[in-house]
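As structure tokens, the structure follows; a few thoughts come after it.
The values are calculated or read from the model by the stated rules, or taken from the named source; none is laboratory data. On a predicted model such as this, the values are computed, not experimentally measured, just so you know. Ideal geometry is used to build each Cβ from the backbone, glycine not excepted, and the neighbour counts take in all protein chains shown. Surface areas here come from the heavy atoms of the whole protein model, side chains and all, with no ligands, DNA or RNA. Shrake-Rupley method; radii C 1.70, N 1.55, O 1.52, S 1.80 Å.
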Amino acid sequence: MSFFKKLKNAIQKIRGTNEVGSTALEDILLEADFGVDLAEQISRELDGNADINTYLHNKLSSILSPLIVDFELIIEKSLINTKPIIIFMIGVNGCGKTTTIAKLAHLLKARGKSVDIAACDTFRVAAVDQLSFWAEKVGCRIFRTENARDPASLVFDAIKSTESDVLIVDTAGRLPNNPNLMGELSKMYRVASKIDSTAPHMNIIIIDATIGQNVIEHVKAFNDVHPITGLILTKMDGNAKGGSIVRIANELHTKILGVGTGESIADFQGFSIDSFLKGLVE
Ligand SMILES: Nc1nc2c(ncn2[C@@H]2O[C@H](COP(=O)(O)OP(=O)(O)O)[C@@H](O)[C@H]2O)c(=O)[nH]1
Ligand SMILES: [Mg+2]
């Protein structure tokens, strides 16, 4: 049963029986990864609200709208003063970092920007090959090494050598509870800022819409290593609702840069409240 239908049923049930409390509503919202605080708040407010759709639209708009930003516009504005714009892509394993790099590079190239890519997920040959495939498809220069080595030294070489408008840096997927891997990431930031004290100019976390658990903890932990500029929500083309970003937005006020809607380079869009809500209630 859809999220919306479940909500409706729960509300009807509460109203029909004059039951006090709204545990059923809360459970549905928790299931959708809204988090405890927001689930409580929404179920309390929804309980006395006639039109669920309007209420949800207004509620989600008030939380999400102030955080929606236009990726291309940020790049356009930044390019006035900054070149290259150095972008780090971070996140856990399999969230969609590498694919999203291809999408962003494709988008920027289509707008006439030159883009280089640094394959700093150096430990897996397959990861480097995957990025090389995308770089060739999009028509980008790629900085890569044949042998596994310190990603910080690759990021150093890439920043020193690039002559493009934008340099996008791929990183290995990591769980924030792995101190070695988080230390390695810190080193990459340090090295980048040694060459350009303002780098990286964007630090983008990729959030997999199919994963709800621990996502907010991951965002917090990555943000502690280096402040996050914004998030991109991937895999919104499937059954996933992406409810976790409502919680992230509500609690951490992380900017929302866009949405991944498939596995090919054109599958990137700006975030739309209407589409998000539609996905949620369908
Ligand atoms: N359906 C769908 N799949 C995606 C999307 N983004 C990434 N993927 C897939 O998710 C898997 C992991 O993506 P990848 O970019 O390698 O993740 P990484 O480990 O974070 O670099 C791959 O099979 C991608 O094709 C998306 O927006 N929609
Ligand atoms: Mg990858």
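Brief remarks on what is shown
- Selection from segment 247-269 of residues that are touching a strand residue (DSSP E or B) at 6+ places or on another chain (Cβ under 8 Å), at negative phi and either among the hydrophobic types (A, V, I, L, M, F, W, C) or touching a residue at least 40 places away in the same chain (Cβ under 8 Å) (or both): Ile248, Ala249, Thr254, Lys255, Ile256, Leu257, Val259, Gly260, Asp267, Phe268
- In segment 137-244, counting only strands (runs of 3 or more DSSP E) that sit wholly within it, the ones holding 3 or more residues that are at pLDDT 95 or above, within 18 Å of Thr100 (Cβ to Cβ) and of a type outside the set (Phe, Trp, Tyr) span 166-171, 202-208, 230-234.
- Segment 75-90: number of residues that are touching a strand residue (DSSP E or B) at 6+ places or on another chain (Cβ under 7 Å) and either near ligand 2 (Cβ under 9 Å from one of its atoms) or not in a loop (DSSP other than H, G, I, E, B) (or both): 9
- Listed by first and then second residue, the pairs with beta-carbon distance under 9 Å, at least 6 apart or on different chains, first residue in segment 156-169 and in the same structural domain as Ala118 (by TED's automatic domain parsing), second open to solvent by 50 Å² or more (accessible area, probe 1.4 Å) and part of a helix (DSSP H, G or I), are Phe156/Lys194; Phe156/Ile195; Ile159/Ile195; Lys160/Ile195.
- Residue check for Asp33: within 20 Å of Ile205 (Cα to Cα), touching a residue at least 24 places away in the same chain (Cβ under 8 Å), away from ligand 1 (no atom under 13 Å from the Cβ) and open to solvent by less than 40 Å² (accessible area, probe 1.4 Å): no
A quick yes/no check of all residues on (1) open to solvent by 40 Å² or more (accessible area, probe 1.4 Å); (2) within 26 Å of Leu79 (Cα to Cα); (3) of a type in the set (Val, Ile, Thr); (4) within 14 Å of ligand 1 (Cβ to nearest atom):
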| residue | (1), (2), (3), (4) |
| --- | --- |
| Asn178 | yes, no, no, no |
| Ser186 | no, yes, no, no |
| Asn203 | no, yes, no, no |
| Gln213 | yes, no, no, no |
| Ala221 | no, no, no, no |
| Val225 | yes, yes, yes, no |
| Lys235 | yes, no, no, yes |
